[in-house]
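Asker: The following block contains the structure, expressed as structure tokens.
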Amino acid sequence: MYKRILDHINTAILLFNRDLVLTYINTAGEILLADSAHHLIDQTAHDLFKSSDPALLTNLKQCLSMEEPLVERSLSLNRITQSLMINLSVTPMFQGHQVSDVLLELQQVDNHLRISKEERLLTQQNTARLLVRGLAHEIKNPLGGLRGAAQLLDLELEDVELREYTRIIIAESDRLQNLMDKMLGPNKLPNKKPMNIHEVLERIRQLVQAEASGTLTIKHDYDPSIPLIQGDKDQLIQALLNIARNAAQATDCKGKVIFKTRIHRHITIGRKLYKLAAKVDIIDDGPGIDTDMINQIFYPMITGRAEGTGLGLSIAQSLINQHNGLIECNSEPGNTVFSIFLPIEPLPLNNLGDR
Ligand SMILES: Nc1ncnc2c1ncn2[C@@H]1O[C@H](COP(=O)(O)OP(=O)(O)OP(=O)(O)O)[C@@H](O)[C@H]1O
Ligand SMILES: [Mg+2]
């Protein structure tokens with residue numbers, strides 16, 4: 001029971017004996033050190049931290065010799081691929097008058113900063129989306145009236161030349177109506193069923209390939225072991241199609257687009273930690289997204305294309321959000337990657353709670 005609790009908390013817990021040999025590590029610890037308990041247990045703190053994080057080793061030794069707890073804030077922990085900011089606490093555990101074990105707690109700080117930054121961004125994007133929806137709703141009502149009146153007038157007019165004007169009003173109202181529908185965005189809750197993400201991608205591949213009339217190369221690199229995900233097929237087609245279309249358009253429909261899928265383990269989306277997610281990368285070799293634009297592309301009505309409405313990514317994001325997923329974008333000239341994470345495990349491991 002206690003082991004289950006320890007494995008469900010977000011703080012990394014490591015227990016060392018008097019000789020500073022690791023005797024226990026919880027799941028959050030395995031994630032932080034990016035290795036399994038099986039590998040890590042029985043290694044000494046010296047082996048684990050000497051070359052990468054000498055400060056951690058010093059703290060452990062100091063706690064052992066002074067027999068007093070230590071706390072350190074915003075210490076950087078150097079992992080193979082990145083440097084993480086952590087809060088650290090080391091506590092001696094006594095058996096009688098002697099220290100028998102040392103408890104090390106590591107809490108990742110930048111993870112929380114990242115989450116609150118992500119949340120702030122999502123709230124801003126949602127507010128922008130709500131504004132656009134409200135506006136679209138207000139325009140739609142009188143637009144219906146305008147179109148109806150123009151149609152009646154069209155029937156009454158005998159002069160064919162004058163009718164040309166009413167036709168223009170009707171055609172433009174229809175165009176505006178389509179735009180307003182797009183601005184209103186998805187209006188249905190997803191109807192989730194177990195589905196294969198590769199079926200969705202293959203469908204999109206056909207659609208984008210047909211639109212690009214043969215000059216575009218679309219390659220795929222799928223991980224066939226990805227389990228079924230819970231999703232609304234139509235909504236996921238729409239979301240990923242918007243992203244894939246952008247990729248094709250970025251290359252002028254002449255470049256190379258790659259659809260790649262992988263399994264991604266242990267990911268925090270929103271405030272929830274998921275054990276398993278499907279990661280879909282849509283990669284293109286177009287010119288990339290300008291640095292001054294990249295932070296804005298998920299807002300509605302932001303476009304860099306003359307004929308674009310700037311709604312594609314905003315819609316894609318709101319659909320992926322409804323699937324508890326996440327979209328990330330990294331771009332440099334010749335290599336733009338949109339990564340879509342879709343949780344596979346329906347139940348999160350645990351929540352980060354309100355902090
Ligand atoms: N793969 C990409 N490469 C380069 N720029 C991109 C890419 N994807 C998106 N963008 C930029 O982000 C902008 C916003 O994309 P979004 O799909 O939201 O709108 P749009 O494509 O302009 O219009 P819409 O999709 O509504 O027709 C694009 O106009 C483009 O400038
Ligand atoms: Mg688009």
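Asker: Looking at Leu20, Leu33, Leu6, Leu77 in this structure, which one is modelled with pLDDT of 90 or more and of a type in the set (A, V, I, L, M)?
Answerer: Unique residue meeting the criteria: Leu20.
Asker: Could I ask something else about it? Among (1) in contact with an Asp or Glu (Cβ under 7 Å, 6 or more places away or on another chain); (2) part of a strand (DSSP E or B); (3) near ligand 1 (Cβ under 8 Å from one of its atoms), where does Ser331 come up short?
Answerer: (1)
Asker: Related question: If you scan region 282-298, which residues turn out to be surrounded by 17 or more Cβ atoms within 10 Å (Cβ to Cβ) and either outside any loop (DSSP other than H, G, I, E, B) or within 13 Å of ligand 2 (Cβ to nearest atom) (or both)?
Answerer: Ile282, Ile283, Asp284, Gly286, Ile289, Ile297, Phe298
Asker: Being among the charged types (D, E, K, R) and under 14 Å from Val337 (Cα atoms) is the filter; apply it to region 267-281 and report the residue that is farthest from ligand 2 (Cβ to nearest atom).
Answerer: Pass one, region 267-281, residues among the charged types (D, E, K, R): 271-272, 275, 279, 281.
Now narrow it down to the ones that are under 14 Å from Val337 (Cα atoms): 279, 281.
Numbers: Lys279: 21, Asp281: 18 Å.
Step by step, filter region 267-281, then rank; the result is Lys279.
The values are calculated or read from the model by the stated rules, or taken from the named source; none is laboratory data. Keep in mind it's a predicted model, so treat the numbers as computed, not measured. So basically every Cβ, Gly included, is an ideal-geometry build from the backbone, and we count neighbours across all protein chains shown.
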